[in-house]
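Visitor: My questions all concern the structure below.
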Amino acid sequence: MSDGYNVAVVGATGAVGGEMISLLEERKFPVRNLIPLASENSVGKDVMYLGEDLSAEVLTEDSFSDVDIALFSAGGDISKKYAPIAVKSGAVVIDNTSAFRMEEDIPLVVPEVNAAAISDFKDRRIIANPNCSTIQLVVVLDPLHRYAGIRRAVVSTYQSVSGAGLKAIEELSRQSVDLFSEGDCKIENFPHRIAFNCIPHIGTFNDDAYTDEEMKLILETKKILGDENIKITATAVRVPVFCGHSESVNLEFEDPIDPDKAREILMETAGVVVMDETNLCKYPMPIEAVGKDEVYVGRIRKDNTVENGLALWIVADNLRKGAALNAVQIAEILVKEYL
Ligand code: A2P
């Protein structure tokens with residue numbers, strides 16, 4: 001389409017939606033009209049795109065009449081209700097929520113890993129964007145799995161508050177100030193105080209004591225890597241960091257692989273930066289990964305507790321590669337190869 005596409009962003013006033021709009025601009029996505037959609041709370045609010053203030057529109061069933069691509073990031077319930085309406089109106093949906101991720105006929109895509117799966121969008125016309133922690137994990141795991149076969153992965157996440165949205169960012173900020181000024185420390189978006197704390201609880205607990213956030217990481221990783229046999233366990237922890245998720249990962253492989261070989265493979269992997277010079281105190285940290293597109297990996301070393309074991313540390317900007325950037329990358333492939 002030579003004159004571009006009409007692109008709706010559902011959740012345009014949110015943390016991920018705002019990043020989606022910035023990335024459409026930054027990456028010169030061929031947008032003809034941008035339609036920022038939000039709730040009634042945002043009536044009168046503007047969204048900046050290409051130097052212009054666009055008024056946020058209230059999401060309704062009629063919002064998609066002339067939309068080619070709809071990027072959704074306003075929560076699972078909104079996606080469940082409105083994504084099928086958008087599709088019926090003729091749009092292709094790229095959904096950043098967990099609403100459709102595990103449905104068999106919905107592609108779950110990280111372009112560096114399984115870009116070809118995008119072609120499966122044709123039946124349902126919905127493509128799912130994985131969970132933020134899953135995206136940065138599979139970008140690193142995929143090339144290692146192809147080389148030596150991952151038998152088991154133990155993943156512990158250190159997830160920033162921006163993954164829980166703008167209100168959660170405000171809460172960490174407010175609580176930090178309140179604690180320093182001995183004010184009242186209100187808890188609204190997390191089960192406990194997040195300032196100066198770590199909370200080993202993201203999402204809701206299932207009967208088996210795992211959380212749904214942990215199960216997303218486990219199940220989505222298997223789906224994207226296309227291998228149900230990898231054993232994965234996870235503990236998801238919320239930490240008082242504004243942006244940037246970190247992950248400690250222990251891997252057991254079928255075949256031998258040493259840290260040098262892993263570094264060599266990862267240095268050649270698209271979208272990955274190896275930062276691993278411990279003698280210079282160089283390893284990935286959120287303060288460096290934020291604002292960047294790549295997934296950073298370091299602290300690569302042998303895990304001597306198993307036969308073919310590696311331990312490593314992965315960091316990425318959860319709003320960019322973990323959400324908005326991955327969605328925009330999918331949209332780029334979609335328009336280049338399929339629309
Ligand atoms: P609004 O700002 O009008 O409430 P975040 O993840 O940062 O909390 O952002 C959530 C995004 O989802 C916001 O843009 C928010 O809009 C939007 N949103 C939440 N509920 C609805 C709804 N019922 N209809 C449309 N957009 C919604």
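The values are calculated or read from the model by the stated rules, or taken from the named source; none is laboratory data. Worth saying up front: this structure is predicted, and the values here are computed from it rather than measured. Neighbour counts are summed over all protein chains in view; Cβ atoms, including those assigned to glycine, are modelled from backbone coordinates with ideal geometry. In case anyone asks, the SASA skips ligands and DNA or RNA and just uses the protein heavy atoms, side chains included. Shrake-Rupley method; radii C 1.70, N 1.55, O 1.52, S 1.80 Å.
Visitor: Can you name the residue in region 48-75 that is at positive phi and out of contact with any helix residue (DSSP H, G or I) (no Cβ under 7 Å at 6 or more places or on another chain) and is also farthest from the ligand (Cβ to nearest atom) among such residues? Full working, then the answer.
Guide: Step one: list which residues in region 48-75 are at positive phi, which gives 50-51, 75.
Now restrict to residues that are out of contact with any helix residue (DSSP H, G or I) (no Cβ under 7 Å at 6 or more places or on another chain): 51, 75.
Working: Gly51: 21, Gly75: 6 Å.
Of everything passing the filter in region 48-75, Gly51 is farthest from the ligand (Cβ to nearest atom).
Visitor: Condition first: surrounded by fewer than 20 Cβ atoms within 10 Å (Cβ to Cβ) and among the hydrophobic types (A, V, I, L, M, F, W, C). Now tell me which residues in region 277-299 satisfy that.
Guide: Once the filter is applied, which keeps residues that are surrounded by fewer than 20 Cβ atoms within 10 Å (Cβ to Cβ) and among the hydrophobic types (A, V, I, L, M, F, W, C), region 277-299 yields Leu280, Cys281, Met285, Ile287, Val290.
Visitor: Now a separate question. Mind checking which residues of region 1-15 are more than 10 Å from the ligand (Cβ to nearest atom) and in contact with a Ser or Thr (Cβ under 7 Å, 6 or more places away or on another chain)?
Guide: If we filter region 1-15 for residues that are more than 10 Å from the ligand (Cβ to nearest atom), which is where we start, we get 1-8.
Of everything in region 1-15, just one residue is more than 10 Å from the ligand (Cβ to nearest atom) and in contact with a Ser or Thr (Cβ under 7 Å, 6 or more places away or on another chain), namely Ala8.
Visitor: I've got another one for you. Could you tell me which numbered condition Thr97 fails, if it satisfies all but one of (1) of a type in the set (Ser, Thr, Tyr); (2) within 15 Å of the ligand (Cβ to nearest atom); (3) surrounded by fewer than 22 Cβ atoms within 10 Å (Cβ to Cβ)?
Guide: Of everything listed in (1) of a type in the set (Ser, Thr, Tyr); (2) within 15 Å of the ligand (Cβ to nearest atom); (3) surrounded by fewer than 22 Cβ atoms within 10 Å (Cβ to Cβ), Thr97 misses just condition (3).
Residue by residue, here is whether (1) modelled with pLDDT of 95 or more; (2) basic (Lys, Arg); (3) open to solvent by 60 Å² or more (accessible area, probe 1.4 Å); (4) out of contact with any Phe, Trp or Tyr (no Cβ under 8 Å at 6 or more places or on another chain) holds:
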site: Met1; (1), (2), (3), (4): no, no, yes, yes
site: Val9; (1), (2), (3), (4): yes, no, no, yes
site: Arg27; (1), (2), (3), (4): yes, yes, yes, yes
site: Pro30; (1), (2), (3), (4): yes, no, no, no
site: Asn33; (1), (2), (3), (4): yes, no, yes, yes
site: Leu54; (1), (2), (3), (4): yes, no, no, yes
site: Ser73; (1), (2), (3), (4): yes, no, no, yes
site: Val93; (1), (2), (3), (4): yes, no, no, no
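Visitor: Please list, ordered by first then second residue, the pairs with beta carbon atoms under 6 Å, 6 or more apart or interchain, first in region 16-40 and away from the ligand (no atom under 12 Å from the Cβ), second assigned to a loop (DSSP other than H, G, I, E, B).
Guide: The qualifying pairs are Glu25/Leu50; Pro30/Gly4; Val31/Gly4; Arg32/Asp3; Arg32/Gly4.
Visitor: Something else now. Which residues, counting only those in region 164-206, are assigned to a loop (DSSP other than H, G, I, E, B), out of contact with any helix residue (DSSP H, G or I) (no Cβ under 9 Å at 6 or more places or on another chain) and among the hydroxyl-bearing types (Ser, Thr, Tyr)?
Guide: Listed by number, the list holds a single entry, Ser181.
Visitor: Ser79 fails exactly one of the following numbered conditions: (1) hydroxyl-bearing (Ser, Thr, Tyr); (2) open to solvent by 50 Å² or more (accessible area, probe 1.4 Å); (3) within 15 Å of the ligand (Cβ to nearest atom). What is the number of that condition?
Guide: (2)
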